[in-house]
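Below is one structure, written out as structure tokens; the observations come after it.
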Amino acid sequence: MNIFIQYSIIAIVLIIISLVIVKLSKKNFNIEANKLITYLGGKDNIVNAECNMSRFKVILKDVSKANKDGIQKLGAKGIVEIDNQLKIIFGKNAKQLKKYIEEIL
């Protein structure tokens with residue numbers, strides 16, 4: 001009976017540690033979305049934002065206001081500039097970022 005209690009306590013401690021690690025490893029997408037908007041030149045500079053799989057496509061009024069280095073630091077795997085739009089490869093996080101950006105805009 002004593003061994004059962006010890007194993008139960010160990011299991012509970014491991015579950016708590018696992019939950020803390022998962023919570024800490026999740027990105028706060030609201031903060032990331034705010035940073036992305038800033039790096040794109042502010043919400044007044046954004047005309048439209050779309051998401052296609054891992055790509056985040058944004059049409060800007062003035063693409064020169066975009067901070068591509070800052071966007072890269074947020075985790076972008078690549079940025080393609082075509083005229084007044086940026087196609088940013090964010091991987092699996094693209095849809096979630098777009099959702100938060102739509103809420104802010």
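The values are calculated or read from the model by the stated rules, or taken from the named source; none is laboratory data. What you see is a predicted model, and the numbers here were worked out from it, not measured in a lab. Reconstructed Cβ throughout: ideal geometry from the backbone, glycine too, with neighbour counts over all protein chains shown. What goes into the accessible areas is simple: the full protein's heavy atoms, side chains included, and nothing from ligands, DNA or RNA. Shrake-Rupley method; radii C 1.70, N 1.55, O 1.52, S 1.80 Å.
Of all residues in the stretch 58-73, those that are more than 17 Å from G91 (Cα to Cα) and touching a residue at least 24 places away in the same chain (Cβ under 8 Å) have Cβ atoms under 7 Å from Cβ atoms of residues that are assigned to a strand (DSSP E or B) and open to solvent by 30 Å² or more (accessible area, probe 1.4 Å), 6 or more apart or on another chain, in I59/V47; I59/N48; I59/Q85; L60/V47; L60/Q85. On the stretch given as the stretch 1-43, residues that are among the basic types (K, R), under 15 Å from G75 (Cα atoms) and at pLDDT 85 or above total 1. Of the numbered criteria (1) closer than 18 Å to I31 by Cα; (2) under 13 Å from the mean Cα position of the chain (by Cα); (3) modelled with pLDDT of 85 or more; (4) not charged (D, E, K, R), the one A66 fails is (2). For the stretch 86-105, how many residues are open to solvent by 80 Å² or more (accessible area, probe 1.4 Å) and out of contact with any Lys or Arg (no Cβ under 9 Å at 6 or more places or on another chain)? Counting residues in the stretch 86-105 that are open to solvent by 80 Å² or more (accessible area, probe 1.4 Å) and out of contact with any Lys or Arg (no Cβ under 9 Å at 6 or more places or on another chain) gives 5. Within the stretch 28-85, the set of residues being among the acidic types (D, E), assigned to a helix (DSSP H, G or I) and either under 13 Å from L105 (Cα atoms) or open to solvent by 60 Å² or more (accessible area, probe 1.4 Å) (or both) comprises D44, D69.
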